[in-house]
1. Kindly indicate whether any position in the range 258-266 is touching a strand residue (DSSP E or B) at 6+ places or on another chain (Cβ under 9 Å) and either assigned to a loop (DSSP other than H, G, I, E, B) or touching a residue at least 40 places away in the same chain (Cβ under 8 Å) (or both).
2. Of the conditions (1) assigned to a helix (DSSP H, G or I); (2) closer than 28 Å to residue 129 by Cα; (3) out of contact with any Asp or Glu (no Cβ under 7 Å at 6 or more places or on another chain), residue 206 fails just one. Which one is it?
3. Return the only residue of 206, 174 being farther than 20 Å from residue 150 by Cα, under 22 Å from the mean Cα position of the chain (by Cα) and not aliphatic (A, V, I, L, M).
4. Looking at 121, 115, which one is modelled with pLDDT of 95 or more and in contact with a His (Cβ under 8 Å, 6 or more places away or on another chain)?
5. Filter the range 134-164 down to the residues that are surrounded by 14 or more Cβ atoms within 10 Å (Cβ to Cβ) and modelled with pLDDT under 95 and list them by number.
6. Which residue, of 272, 251, 290, is among the β-branched types (Val, Ile, Thr) and in contact with a Pro (Cβ under 8 Å, 6 or more places away or on another chain)?
7. Just to verify a result, which residue in the range 23-63, among those that are under 17 Å from the mean Cα position of the chain (by Cα) and of a type in the set (D, E, K, R), is surrounded by the fewest Cβ atoms within 10 Å (Cβ to Cβ)?
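The values are calculated or read from the model by the stated rules, or taken from the named source; none is laboratory data. All values reported here derive from a predicted model rather than from experimental measurement. Cβ sites come from the backbone with ideal geometry, for glycine too, and all protein chains shown count toward neighbours.
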Amino acid sequence: MVAGRWPLRSMLFVPGHRIDWVRSVKRFDPDAVVLDLEDAVPKPLKTQTRRTVREAIEILRGLEIDAFVRINRLDEGGSEDVLAVAAPGFSGVMLPKARDAKQVLALDGLLSFAEGQNRLEHKSIAILPLPETAQGLADARQLAAASDRVRGLVTVVGGPISGDVARAMGIVPTDHGIEQHFLWSKIVLDSRAGGAMFPMASIIGTKLDDHAAVRRLIQLARSFGYSGAVLIHPSHVAIANDTYTPSRDDVAYYQGLLQAMRDAEAKGQAAVNYEGQMVDYAMIPYAEEVVREAARRKVPVL
């Protein structure tokens, strides 16, 4: 089974050549770090940055923070990236420009080789495909289903900035984001239908210090079904962690719901009026999920 403490609330991008940033990342408390070997690294530094990323993975392992690596395209150095950085603590690969299932399968095989070469547990390294082409976005379910390493698809939940995904779809992103709603829903559904239960939202397109806008996008991502947020600035981590951690009121409500259902069962009933709403067995799984996550995050309960 692939490693990782899923669901992950926050994944923070760090340029792979900035080892100094990695050493200070613990104070921001991200659940995971994505060490970037792709867009955030100057091309002349990419080869030497692989050694830095391997060192960074070891640092993050000591900090008990999951370490992911966004590699380059497989045919543009990505294969060499994987072989160079595979080491204990390597939690997963973010695959950019993911286009089709063949790419995911090729990466799966490469990871198996790297795990064997470095004496890592088989299937311990996860895959997070990032579809950024029209074909990849259209066939996203196939990406999710291609390998049992795939834990979730990643896509942009963003403001008015045009990147690879926007260009692939031909849309012009706006503040209100209505032109992106189809994509957001599709990627979540494709991810889950393909067996990858933890789709992640990459939050971009806001001013870095506009925390209200960042919170709005993260809350939107959560409401659309994304299990966590991928972030480009450390000040956004606390917002994601807060948004994806059950509140004390949430826990009290769902604990009460579960107790109401137990009481109803004891009376031979399968549905009950709870706080003015009719609830039945269909509501139990989500309530149990919230209570489990609260316990994992050590949320104090009244």
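1. The answer is no; no qualifying residue exists.
2. (1)
3. Only one candidate qualifies: 206.
4. Of the residues listed, the single one that is modelled with pLDDT of 95 or more and in contact with a His (Cβ under 8 Å, 6 or more places away or on another chain) is 115.
5. Within the range 134-164, 158, 159, 163, 164 meet the criteria.
6. Result: 290 is the single residue among 272, 251, 290 that is among the β-branched types (Val, Ile, Thr) and in contact with a Pro (Cβ under 8 Å, 6 or more places away or on another chain).
7. The residue in question is 29.
This table checks each residue for (1) outside any loop (DSSP other than H, G, I, E, B); (2) in contact with a strand residue (DSSP E or B) (Cβ under 6 Å, 6 or more places away or on another chain); (3) assigned by TED's automatic domain parsing to the domain that holds residue 218.
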site	(1), (2), (3)
93	yes, yes, yes
105	yes, no, yes
115	yes, no, yes
120	no, no, yes
127	yes, yes, yes
148	no, no, yes
160	no, no, yes
168	yes, no, yes
